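Here's the structure we're looking at; comments come further down.
The values are calculated or read from the model by the stated rules, or taken from the named source; none is laboratory data. All of these numbers come straight from a predicted model, not from anything done at the bench. So basically every Cβ, Gly included, is an ideal-geometry build from the backbone, and we count neighbours across all protein chains shown.
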Amino acid sequence: MNISEQFEQLRQSLRKYDHHYYVLDDPLVPDAEYDRVFRQLLALEEQYPQYLTPDSPTQRVGGKPLSHFESVQHEMPMLSLANAMDEDEARDFDRRIRQKLEKPGPENQAGFLVEYNVEPKLDGLAISLLYKQGVLVRAATRGDGQTGEDVTQNVRTIDSIPLRLLSDNPPELLEVRGEVYMPKAGFEELNRKQKNEGKKPFANPRNAAAGSLRQLDPAISASRPLDMFCYAVGKVDGIDLPDSQSGRLAALKKIGLRICPESDVVQGIDACLAYMQDIGNKRATLAYEIDGVVYKVNSIKQQQTLGFVSRAPRWAIAHKFPAQEEMTVLEAIDVQVGRTGALTPVARLKPVFVGGVTVNNASLHNAAEIKRLDVRVGDTVIVHRAGDVIPKVTGVVLDRRPENTLAFDFPAICPVCGSDVVVDEGGVIERCSGGLFCDAQRKQSIKHFVSRNAMDIDGLGDKLVDLLVDKGLIHDVGDIYGLQFEALQNLERMAEKSANNLLKAIEKSKQTSLARFLYALGIPQVGETTAGILANHFRTLENIESASSEELQSLEDIGPIVAQDVMVFFKQSHNLEVIRKLVNAGVHWPAIEKLEQPDSEIKGKIFVLTGTLRLFTRNDAKRALQAKGAKVTGNVSAKTDYVVVGDNPGSKADKAVKLGIAIIDEERLQQMLANTDFNAEDV
């Protein structure tokens, strides 16, 4: 490819990127890629000035104004800033400033420190506000730097932008430059609404801000959480401004315009770099997104001496953080199984440097996200990394998609144990159904199985479970009942007494109840209450294993999703093998006789327990109430019938008083449980 063809290819790429970014609000590539192409073209034009043309993307600031907004002329051009991508380039900027400003003479031979105004580089949309006699008359986007789009009606909806300046003697004309942005919290809330309404979520706060401001209907803009910081003055008539950048910002703040609180004044490039480091450390905690820091010579007189190049002031530069978004090739998609059985797809990437580190892997979240992005092996993808956040794939560069790529098929069986994959209640998370057998879930399933409200094996804590699994002594919960004294005694920190006590606790746990056993199995969606409902209705494990969906759904509080989870769990041969192993090891429970309980005024009532109980443990009180046909919930609502109050009850008791719900103490609860014929009017 000859030089002329290189120029044309780079210019066409930049024009295409500009159109998608500025006109369609649909960026094709990350900012870092745009910067690379721009700088490549700029370098070529400097090397071969004979190929420089007036319509080159380097000779104007941005893209065309949107056609559906009225075009307006800026009072003064809105130029953009040159970029420094690393410390060396920032120091070169300072060196050029000092060389231009230094005066000859012995006293200046050692150089001097330039005073800079420093502030975060906001990641939003540049805006110009025009005030006449203190009243906002126009707001315009940057556009191509000379002409922008009139977005006055939309900007008027932003609460932080004053419609009238706070001044008894306002300037005749004041043109203010700033950045409209969307706070992080507002962005998250907006995307939640977008998803709930079945709409495409925004890729990042910058795109959300731009899309919200470029709405033909101001009501839509008004509904979006937009904000603004002012950072410069354009044309001004009828007022004398301070002779420093920082002084002008203070003057803007005094008349009601919002200024970034992180703005500061420092001496010399070392202080600028220290500020950059400090802001970088704070970046994750800031309420808004930034992508770097701006250094501006603070003296207006020095700014005037330094002047401008064709597209940017010589006296300012944007020192950008390492790119948080980069492009690379997706080489494979692996599906991992987490400790709770959730299946998570992981993108295996051609290594790429992003966010200050080399990234090889990135999250794809779930099957729904893969489908939404339509990401395929072989695609060029956009990878985002912010701070210590796990890198994630946020988009696909469709222009670079190879031919014959295939849509990714999410596995229908667990890649670890071969059990069926089921989708959770929200239809979002795929989960392995082989909870008792799956190696990926082994430790978690064992820890749940031995917990207090399950099999209650005292002494078998989390660290010991980890050790037993790591030593290969336990592969599933059935192996607990085959543990031998010699093997336990040889473990680290396990003395003879501890080993004996653990074996006694394991033996004791063999005698349990069907409800506890069901809960211990860790069936998805089956908590203690549901386990009790299943046990009391079906009475035997065999009946539960063979129950149909219709039979399960006939029970109170069991819907189609819980019924499906129960059926799928007992359909897995691996789970059944472990259950038989437990029964053969001696785990048993008393037969449940079907007793017709007399109706009582407790049956069907909703109770909430709060505070510290003295006469019961919380679980004992809960089980006693459930045995009488009552329901026990965790939160007080208008449907609650009674709130049982122990010591230090807290806000639940206060809410009960506010809602007029009956409050009882433990003694009254004990009477109610003992006497099924109690009179509710006595409470």
Pair list, Cβ under 6 Å, 6 or more apart: the stretch 129-144 residue assigned by TED's automatic domain parsing to the domain that holds residue 238 and over 15 Å from residue 71 (Cα atoms), other residue modelled with pLDDT of 95 or more and buried (at least 23 other Cβ atoms within 10 Å of the Cβ):
131/174
Identify the single condition in (1) assigned to a helix (DSSP H, G or I); (2) modelled with pLDDT under 90 that residue 425 does not satisfy, given that it satisfies every other one.
(1)
Among the residues of the stretch 530-564 satisfying the criterion of being surrounded by fewer than 18 Cβ atoms within 10 Å (Cβ to Cβ) and among the aliphatic types (A, V, I, L, M), which is farthest from residue 625 (Cα to Cα)?
561
Name the single residue that is nearest to residue 406 (Cα to Cα) among those in the stretch 348-362 being at pLDDT below 95 and crowded, with 17+ Cβ neighbours inside 10 Å.
362
Which count do you get for residues in the stretch 532-551 that are without any contact (Cβ under 8 Å) to a residue 24 or more places away in the chain and in contact with a helix residue (DSSP H, G or I) (Cβ under 7 Å, 6 or more places away or on another chain)?
3
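Can you name every residue in the stretch 217-236 that is touching a Phe, Trp or Tyr at 6+ places or on another chain (Cβ under 8 Å) and of a type in the set (A, V, I, L, M)?
226, 228
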Would you pick out the residues in the stretch 444-464 that are of a type in the set (Val, Ile, Thr) and assigned to a helix (DSSP H, G or I)?
446, 450
Screening 521, 552, 534 for residues that are within 21 Å of residue 634 (Cα to Cα) and of a type outside the set (S, T, N, Q) leaves only 534
Identity of the residue in the stretch 441-461, buried (at least 22 other Cβ atoms within 10 Å of the Cβ) and of a type in the set (Gly, Ala, Ser), that ends up nearest to the chain's Cα centre (by Cα)
445
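Between 471, 463, which is in contact (Cβ under 8 Å) with a residue 12 or more places away in the chain, over 24 Å from residue 572 (Cβ atoms) and not assigned by TED's automatic domain parsing to the domain that holds residue 617?
None of the other options fit; the residue is 471.
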Taking the stretch 139-183 and the residues there that are among the hydroxyl-bearing types (Ser, Thr, Tyr) and under 30 Å from residue 284 (Cα atoms), the one that is modelled with the lowest pLDDT would be 160
So which strands (runs of 3 or more DSSP E) stay within the stretch 215-305 end to end and still have 3 or more residues that are more than 19 Å from residue 316 (Cα to Cα) and either in contact (Cβ under 8 Å) with a residue 12 or more places away in the chain or more than 33 Å from the chain's Cα centre (by Cα) (or both)?
227-237
Enumerated strands (runs of 3 or more DSSP E) restricted to the stretch 106-196, each holding at least 1 residues that are in contact with a strand residue (DSSP E or B) (Cβ under 8 Å, 6 or more places away or on another chain) and closer than 30 Å to residue 91 by Cα
115-122, 125-132, 173-181
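Take the conditions among the β-branched types (Val, Ile, Thr), closer than 21 Å to residue 448 by Cα and part of a helix (DSSP H, G or I) and apply them to residue 533. Does it pass?
Against the criterion (among the β-branched types (Val, Ile, Thr), closer than 21 Å to residue 448 by Cα and part of a helix (DSSP H, G or I)), residue 533 qualifies.
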Residues (surrounded by fewer than 20 Cβ atoms within 10 Å (Cβ to Cβ) and in a helix (DSSP H, G or I)) located in the stretch 517-529:
528, 529
Residue pairs, Cβ under 6 Å, 6 or more apart or interchain, first in the stretch 46-65 and under 17 Å from residue 77 (Cα atoms) and of a type in the set (D, E, K, R), second at pLDDT 75 or above and surrounded by 10 or more Cβ atoms within 10 Å (Cβ to Cβ). List them.
60/144
Working only within the stretch 184-199, note down all residues that are over 17 Å from residue 124 (Cα atoms) and either modelled with pLDDT under 85 or of a type in the set (S, T, N, Q) (or both).
194, 195, 196, 197, 198, 199
I'm trying to understand the selection: among the residues of the stretch 632-643, which are touching a residue at least 40 places away in the same chain (Cβ under 8 Å) and surrounded by fewer than 21 Cβ atoms within 10 Å (Cβ to Cβ)?
632
Do we find a residue being in contact with a Ser or Thr (Cβ under 6 Å, 6 or more places away or on another chain), surrounded by 15 or more Cβ atoms within 10 Å (Cβ to Cβ), closer than 25 Å to residue 155 by Cα and among the basic types (Lys, Arg) anywhere in the stretch 194-215?
no
